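The structure appears below as structure tokens.
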Amino acid sequence: MSVKSLRQTVQGLLPSLTPVRFVAEDGTPVAKPPAGYREPSVEALREAYRRMVLGRRFDTQATALTKQGRLAVYPSSRGQEACQIGAVLALRADDWLFPTYRDSVALVTRGIDPVEVLTLLRGDWHCGYDPAATRVAPQCTPLATQVLHAVGMAEAQRRKGEDGVAMALVGDGATSEGDFHEALNFAAVLRAPVVFFVQNNKYAISVPLARQTAAPALAYKGIGYGVRSEQVDGNDLVAVLAVLTDAVAHARAGHGPVLVEAHTYRMDAHTNADDATRYRDADEVERWGAADPLSRLEAHLRARGGLTDADAAAAREEAEALAADLRTRMNADTTADPMELFDHVYAEPTPQLREQRAQLAAELAETALTQED
Amino acid sequence: MAETTKATKVTMAQALNTALRDALREDDRVLVFGEDVGPLGGVFRITDGLTRDFGEERCFDTPLAEAGIVGLAVGMAMGGFRPVVEMQFDAFAYPAFEQIASHVAKLRNRTRGRLTLPMVIRVPYAGGIGGVEHHCDSSEAYYAHTPGLKVVTPATAEDAYWLLRDAIADPDPVVFLEPKKLYWSREDTDLERRGALPFGRAAVRREGRDATVVAYGPSVPVALAAAEAAAAEGIELEVVDLRTIVPFDDETVTASVRRTGRCLVVQEAQGFAGVGAEIAARVQERCFHSLAAPVLRVAGFDIPYPPPKLEHAHLPGVDRILDAVDRLQFGDEPDTRHLLKGAVA
Ligand SMILES: Cc1ncc(C[n+]2csc(CCOP(=O)(O)OP(=O)(O)O)c2C)c(N)n1
Ligand SMILES: [Mg+2]
């Protein structure tokens with residue numbers, strides 16, 4: 001390879017020096033729009049805005065339900081809505097999504113029933129929706145393991161001659177796991193149509209990014225594997241949607257995987273069980289509050305004449321209806337059936353499982369009897 | 001003159017924290033590291049205040065990678081340190097299994113003892129806390145099945161302290177399983193006076209003449225509660241707490257079963273190929289002529305760990321233990337449980 005083409009190859013893989021951004025924090029367009037990306041249409045942004053309002057409301061409602069004891073735990077993505085919504089809107093309905101525990105808002109945006117999204121956290125079952133029908137893998141907790149699955153799904157689609165893409169969502173902390181690196185390498189070697197979307201929300205529970213990596217940005221993790229990479233302002237929906245749409249198109253066209261790092265911030269604690277005051281100060285949280293993705297998009301859309309008071313009110317009303325419905329249905333007690341524990345371990349229960357199923361049935365019958373006495 | 005004791009209420013979490021502190025203070029080679037163990041003090045607060053009090057050099061957060069944490073500990077132990085690492089939850093230790101099975105367990109053997117690994121892998125362990133998936137595995141059998149590892153699980157705060165001190169001082173690697181549901185249970189103890197038995201010895205937690213119940217870690221309080229209930233019906237159960245699964249105290253278990261003539265093994269973990277199976281086999285090999293009934297196991301079912309709302313149906317409780325006691329053939333009735341309706345296809 002000549003030095004010139006080598007330089008071109010390297011340049012083509014490296015992310016832009018600063019995160020791609022279309023809209024500044026106050027909602028005004030940046031002075032020089034980023035080269036190489038198409039700004040989404042006003043129509044697309046209006047839809048994104050609506051989804052962000054719904055997503056934000058879903059998230060705060062889920063947090064409230066957790067405080068009321070309706071969820072075992074809830075990892076909020078408040079502040080990360082541009083990423084949650086941008087990721088889903090960049091995909092086609094037949095593309096696959098591989099989310100984490102943090103990505104409930106993305107799932108709601110994908111059209112999954114919010115109650116089914118929360119089945120896991122409600123403690124009824126491990127996954128409440130149908131991954132095959134929705135093309136959304138079960139929300140994944142063992143960190144970074146799902147990233148390899150996305151590569152495998154992308155490779156499966158490629159071999160079947162389908163033009164579907166797989167997108168893996170992953171956190172900043174999880175990029176330290178070996179599986180993340182293996183996934184990048186496999187995808188590049190296989191030229192799999194997969195997009196790795198890192199939501200760098202600056203913390204892995206209490207551990208700040210600086211303790212996670214010495215790289216200038218997580219997007220630089222791509223070049224070592226030959227994966228095209230980009231970094232984006234993760235609180236600028238316009239930029240997230242533009243960059244991810246481009247990444248998905250690149251993968252779909254058969255040009256190989258793309259790694260996108262979004263710089264965002266986790267406004268709430270890791271989960272309701274976490275005490276974030278132990279490791280970060282209020283000033284920092286306040287600063288990021290000023291970078292709120294929802295108010296930024298709203299200001300931007302209003303300035304472009306793409307959003308009226310009536311539109312905003314309609315979105316809020318729809319969000320309140322979603323929250324009310326969620327409250328009603330989540331406040332109804334569910335009874336998980338213990339017998340189901342034996343139903344899905346294998347296609348056919350083993351003789352031992354049959355025996356244990358009968359044992360549990362007898363135990364429960366006995367308990368019911370003693371309770372009647 | 002009677003010794004003065006300063007017994008105070010201590011939780012298992014506090015006892016573990018104190019053990020780490022005392023070890024850090026007494027031995028410069030001891031290091032604590034893992035995910036969120038620094039300023040946060042660990043998600044269960046077991047390392048609370050250690051970074052503040054001993055500095056970043058002694059207790060620190062690593063990048064998020066369990067294989068990395070254990071691999072780093074192997075190298076540092078080879079280099080003369082005594083790492084005490086934390087896996088955040090039982091099911092999140094699996095990325096480290098390669099390092100544990102291939103290196104932690106084997107280095108002494110491979111090098112004919114020229115390299116040894118005095119290190120401790122602490123693992124918040126087992127269920128009973130309503131955790132969502134991957135937060136409640138009982139993984140003791142994987143470790144106990146791996147020669148070269150010692151495997152420990154305390155059931156009391158006092159044992160938590162002393163077993164952890166012993167584990168850190170041990171010349172071999174120890175997987176230290178901390179029953180999550182017991183972290184906040186309190187007991188009166190004076191951690192400055194060793195009441196605990198030596199490492200490797202099982203404890204008889206309750207004496208009884210009719211049957212021996214062998215338990216460890218999270219199952220010990222359940223076994224004790226069952227013994228209490230059985231006593232009300234005139235059956236005296238002896239409860240043996242293993243404390244260390246490896247090394248296994250055949251002597252204490254055997255002596256007890258030879259006295260009582262009956263034996264039950266209780267574990268939270270799924271029963272198939274579990275630690276309870278090993279115990280049952282050892283007991284019948286050693287006590288066959290003393291046994292009046294087959295050794296029975298009371299365990300979780302052979303299923304992936306259930307979601308929070310179904311945990312209660314899975315975990316062995318007092319009733320399941322008492323059912324098994326009934327099947328110990330006090331009336332010379334054979335065990336017909338496998339003939340239950342629905343048990344055969
Ligand atoms: C393999 C593994 N190790 C540890 C954990 C425990 N854990 C859950 S979330 C988390 C932090 C993840 O941080 P990051 O990847 O940045 O995602 P975020 O939670 O910030 O969205 C940790 C350590 C886990 N789920 N899986
Ligand atoms: Mg993070």
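A few remarks follow.
- Within the stretch B:51-68, the only residue that satisfies the criterion of being surrounded by 24 or more Cβ atoms within 10 Å (Cβ to Cβ) and either free of Cβ contacts under 8 Å to residues at least 24 places away in the same chain or more than 10 Å from chain A (Cβ to nearest Cβ) (or both) is B:59.
- Note on the stretch B:305-316: residues that are facing chain A (nearest Cβ under 7 Å) and either in contact with a helix residue (DSSP H, G or I) (Cβ under 8 Å, 6 or more places away or on another chain) or surrounded by fewer than 21 Cβ atoms within 10 Å (Cβ to Cβ) (or both) amount to 6.
- Residues of the stretch A:265-298 that are more than 22 Å from residue A:67 (Cβ to Cβ) and more than 24 Å from the chain's Cα centre (by Cα): A:281, A:283.
- Flag for residue A:286 being without any contact (Cβ under 8 Å) to a residue 40 or more places away in the chain, part of a helix (DSSP H, G or I) and among the acidic types (Asp, Glu): yes
- Of everything listed in (1) crowded, with 20+ Cβ neighbours inside 10 Å; (2) away from every other protein chain (no Cβ under 11 Å); (3) not in a helix (DSSP H, G or I), the single unmet condition for residue B:135 is (2).
- Each residue in the stretch A:147-175 was checked for being polar (S, T, N, Q) and surrounded by fewer than 24 Cβ atoms within 10 Å (Cβ to Cβ), and 1 pass.
- In this entry, residue A:14 is excluded by the filter for residues that are away from chain B (no Cβ under 14 Å), within 23 Å of the chain's Cα centre (by Cα) and surrounded by fewer than 24 Cβ atoms within 10 Å (Cβ to Cβ).
Condition check ((1) under 17 Å from the mean Cα position of the chain (by Cα); (2) within 13 Å of chain B (Cβ to nearest Cβ); (3) within 26 Å of residue A:256 (Cβ to Cβ); (4) within 16 Å of ligand 2 (Cβ to nearest atom)) across all residues:
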{"site": "A:123", "(1), (2), (3), (4)": "no, yes, no, no"}
{"site": "A:139", "(1), (2), (3), (4)": "yes, yes, no, yes"}
{"site": "A:166", "(1), (2), (3), (4)": "yes, no, yes, no"}
{"site": "A:170", "(1), (2), (3), (4)": "yes, yes, yes, yes"}
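- For residue A:88, the criteria (1) more than 23 Å from residue A:193 (Cβ to Cβ); (2) more than 14 Å from chain B (Cβ to nearest Cβ); (3) surrounded by 24 or more Cβ atoms within 10 Å (Cβ to Cβ); (4) free of Cβ contacts under 8 Å to residues at least 60 places away in the same chain hold in every case but one, which is (1).
- Only residues that are part of a helix (DSSP H, G or I) and within 20 Å of the chain's Cα centre (by Cα) were counted across the stretch B:292-311, and they come to 1.
- Answer residue from the stretch A:172-216, given it is assigned to a strand (DSSP E or B) and facing chain B (nearest Cβ under 8 Å) and is nearest to ligand 1 (Cβ to nearest atom) among those: A:204
- Counting only residues that are among the polar types (S, T, N, Q) and within 12 Å of ligand 1 (Cβ to nearest atom), the stretch A:259-279 holds 2 of them.
- When A:354, A:304 are checked against the criterion of being closer than 26 Å to residue A:124 by Cα and charged (D, E, K, R), a single residue qualifies: A:354.
Matching residues to (1) without any contact (Cβ under 8 Å) to a residue 24 or more places away in the chain; (2) part of a loop (DSSP other than H, G, I, E, B); (3) of a type in the set (A, V, I, L, M):
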{"position": "B:164", "(1), (2), (3)": "no, no, yes"}
{"position": "B:172", "(1), (2), (3)": "no, yes, no"}
{"position": "B:176", "(1), (2), (3)": "no, no, no"}
{"position": "B:192", "(1), (2), (3)": "no, yes, no"}
{"position": "B:195", "(1), (2), (3)": "no, yes, no"}
{"position": "B:212", "(1), (2), (3)": "no, no, no"}
{"position": "B:222", "(1), (2), (3)": "no, no, yes"}
{"position": "B:225", "(1), (2), (3)": "no, no, yes"}
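Throughout, read-outs are computed from the coordinates displayed, never taken from laboratory work. Source: prediction; values computed, not measured. We place every Cβ from the backbone using ideal geometry, glycine too, and count neighbours over all the protein chains shown.
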